[in-house]
Amino acid sequence: LTPLLRAVVPPPYQLVIIEATTPGSGKSYLAEMLKVLHGAGTRPSLPRTDEEWSKVVPALLGATTGPILAFDNVRGKISSAYLEGLLTASDITDRVLGSNDRTARLDNDRLWLMTGNNVSYGGDLARRVLRIVIDTQDPHPERRTFDINPVSWVRQHRAEYLSALL
């Protein structure tokens, strides 16, 4: 619901992490359904340093109006003072890329989303994260078959889902 509530519930928002213990559990499917439903900007990898974060975040906030900003297939431990600060700030001010003397103020009114297997996080992130854990209780979830493709289903029924959410 968060993307629909941005107009009435002020930011910042918790970081949503869709995680599983086993690859092939459906994390990316769930994230893709949210992206189809609401719109999103996606990045395939997570910045490794706070310096990278300070470049990636303003670029993402400036490049898309999608209410979700997602990092897919995050690995290892997430630990970043920049990310911790981002999750408590309704706006950010950062240096404009390619300039040493100009800054830009950007609204941080997006839902930040990550997917990953066996993700861990350090610092103050634990209390700023909303975890969605998929446990298929199947050692080979990638072998499962379904009658429908959930992403296609949401795409075809998007108006109905948005209507129900509203």
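The values are calculated or read from the model by the stated rules, or taken from the named source; none is laboratory data. These numbers were taken from a predicted model, which means no experiment stands behind them. When we count neighbours, we look across all protein chains shown, and the Cβ atoms used for this are built from the backbone with ideal geometry, even at glycine. Side chains included, ligands, DNA and RNA excluded: accessible areas come from the protein's heavy atoms. Shrake-Rupley method; radii C 1.70, N 1.55, O 1.52, S 1.80 Å.
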Could you list, in sequence order, the residues of the range 103-120 that are of a type in the set (S, T, Y) and open to solvent by less than 30 Å² (accessible area, probe 1.4 Å)? T115
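Going through the range 72-95 one residue at a time, which ones are of a type in the set (V, I, T), over 14 Å from I17 (Cβ atoms) and in contact (Cβ under 8 Å) with a residue 24 or more places away in the chain?
Filtering the range 72-95 for residues of a type in the set (V, I, T) gives 74, 78, 88, 92-93.
Those still in the list that are over 14 Å from I17 (Cβ atoms) too: 88, 92-93.
Result: T88, I92.
Suppose we keep only residues that are polar (S, T, N, Q) and outside any strand (DSSP E or B) within the range 74-93. Which one would you say is least open to solvent (accessible area, probe 1.4 Å)? Before the answer, list the steps.
If we filter the range 74-93 for residues that are polar (S, T, N, Q), which is where we start, we get 79-80, 88, 90, 93.
Next, from what is left, pick out any that are outside any strand (DSSP E or B): 79-80, 88, 90.
On the way: S79: 77, S80: 6, T88: 78, S90: 52 Å².
Going through the qualifying residues, I end up with S80.
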Just one of the numbered conditions (1) within 30 Å of D138 (Cβ to Cβ); (2) among the acidic types (D, E); (3) open to solvent by 50 Å² or more (accessible area, probe 1.4 Å) is not true of D50; which one? (1)
In the range 144-166, how many are open to solvent by 100 Å² or more (accessible area, probe 1.4 Å) and touching a residue at least 60 places away in the same chain (Cβ under 8 Å)? 2
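Does L69 satisfy the criteria of being open to solvent by less than 10 Å² (accessible area, probe 1.4 Å) and in contact (Cβ under 8 Å) with a residue 40 or more places away in the chain?
Details: open to solvent by less than 10 Å² (accessible area, probe 1.4 Å): yes; in contact (Cβ under 8 Å) with a residue 40 or more places away in the chain: yes.
Answer is yes for this residue.
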Enumeration of residues in the range 47-72 that are in contact with a strand residue (DSSP E or B) (Cβ under 6 Å, 6 or more places away or on another chain), more than 15 Å from P11 (Cβ to Cβ) and modelled with pLDDT of 90 or more: A70, F71, D72
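Does Y13 count as touching a helix residue (DSSP H, G or I) at 6+ places or on another chain (Cβ under 8 Å), of a type in the set (F, W, Y), within 14 Å of M114 (Cα to Cα) and part of a loop (DSSP other than H, G, I, E, B)? Can you show your working first?
Numbers: touching a helix residue (DSSP H, G or I) at 6+ places or on another chain (Cβ under 8 Å): yes; of a type in the set (F, W, Y): yes; within 14 Å of M114 (Cα to Cα): yes; part of a loop (DSSP other than H, G, I, E, B): yes.
The answer is yes for Y13.
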